[in-house]
Number of protein chains: 2
Amino acid sequence: MVAESLTETVAVGLAKGFKALGDPARLRLLSMIAARAGDEVCVCELTDAFTQSAPTISHHLKVLRDAGLVASERRGTWVYYRVVPSALAALSQLLDTSAMTAGVNG
Amino acid sequence: MVAESLTETVAVGLAKGFKALGDPARLRLLSMIAARAGDEVCVCELTDAFTQSAPTISHHLKVLRDAGLVASERRGTWVYYRVVPSALAALSQLLDTSAMTAGVNG
DNA sequence: ATCTTGATTTGACGAGTGTCAAACTAGGTG
DNA sequence: CACCTAGTTTGACACTCGTCAAATCAAGAT
């Protein structure tokens, strides 16, 4: 990761992703969804695991969805969420590169 | 990354880190600092590269510092910033694990 | 059609955030 | 000392965010 490669435009897009992760509730939501490993998680399961109200959970899921970190699908009465691995990988890679770059040379 | 391993307390700490990255200016700042690879970057260099005012840049650097992502040191008239690789690695790892977990199994 | 359950949307409110101008601190120079 | 440059802190303001209650939408059951 080089400074010149991170233009304002690119930074805005990436920041959107990190911003979505910048809330404990959303981080836990993503964690629970990711733990399903390919399977989806019903929203009802998620709301049950949190103290926050259903509208609040729905709001957080929307933020994660708008950031492209998760995707949702309705099947009958229930809505299922799953992670978007490539999106998470992109964010991870940015930090990983930074860490390595910082440790490798001088 | 398993859902049960991400307790509320842990989530709060990690979210703090991601939250600090959730702003384009801070992401670019971190990028510029990380690009120095072991060396430090003078604040004067950073302020010159941004359209925002010096107080604003100083504020963003403080947010990154409070999140433990960067460290600062004063030498004479100037203040130098450097990344904290372990902190970035921790955040990166969380996302990396998520992505892999989600892609590996069902 | 009516009712029930699951999920999202709307509206509102308090708390937090990004930004700048102005004031202030830290260190060096005349 | 006075002065200057580098950087941070303070105060203020508009804007966003997290949260919930109430209303609404979606799909099935009676």
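Between this copy and the others, label points of B:T47 are 5.1 nm apart in ascending order, each placed 7 angstrom from Cα in the Cβ direction.
In this structure the amide hydrogen of B:V84, modeled in the peptide plane, comes within under 5 Å of the amide hydrogens of B:V70, B:A71, none closer than 5 places in sequence on its chain. The phi-based Karplus calculation (6.51 cos²θ - 1.76 cosθ + 1.60; θ = phi - 60°) puts the 3J(HN,Hα) values of the stretch A:59-66 at 4, 5, 5, 5, 4, 5, 5, 4 Hz, whole numbers, x for Gly and Pro.
The slack in the chain from B:T7 to B:R75, taken as 0.36 nm per residue of separation less the alpha-carbon distance, amounts to 20.5 nm. 3J(HN,Hα) couplings calculated from phi for the stretch B:79-93 with the Karplus curve 6.51 cos²θ - 1.76 cosθ + 1.60 (θ = phi - 60°) are, in sequence order, 10, 10, 10, 9, 7, 10, x, 4, 5, 5, 4, 4, 5, 4, 4 Hz; Gly and Pro show x.
Distances between equivalent label points of B:G68 across the copies, with each point positioned 7 Å along Cα→Cβ, amount to 3.0 nm, shortest listed first. Need one word for the stretch A:1-94: rounded, prolate or oblate. Basis is the Cα gyration tensor (sqrt eigenvalues a ≥ b ≥ c); a/c below 1.5 gives rounded, then a/b vs b/c decides. Prolate. Proximity of backbone amide H atoms, modeled 1.01 Å from N, is registered between A:V79 and A:V43, A:C44 at under 5 Å, excluding neighbours fewer than 5 places apart on the same chain. Couplings for the stretch B:41-49, taken from phi via the Karplus curve 6.51 cos²θ - 1.76 cosθ + 1.60 with θ = phi - 60°, read 10, 6, 4, 4, 5, 5, 4, 5, 8 Hz in order; Gly and Pro are left as x. Note on A:T56/A:K16: beta-carbon distance plugged into 1/(1 + (r/R0)^6) with R0 of 25 Å gives a FRET efficiency of 0.80. Each copy carries a label point for B:T7 at 7 Å from Cα toward Cβ; from one copy, the others' points are 4.6 nm away, ordered from shortest.
If you count, for each residue, the other Cβ atoms within 10 Å and average over each peptide, how do A:22-30, B:85-93 line up from highest to lowest?
Working: A:22-30: 23.4, B:85-93: 19.1.
Answer by packing, highest mean first, reads A:22-30, B:85-93.
Here, each number is a calculation from the coordinates, and none is a lab measurement. Because the structure is a prediction, the values reported are computed rather than measured. When we count neighbours, we look across all protein chains shown, and the Cβ atoms used for this are built from the backbone with ideal geometry, even at glycine.
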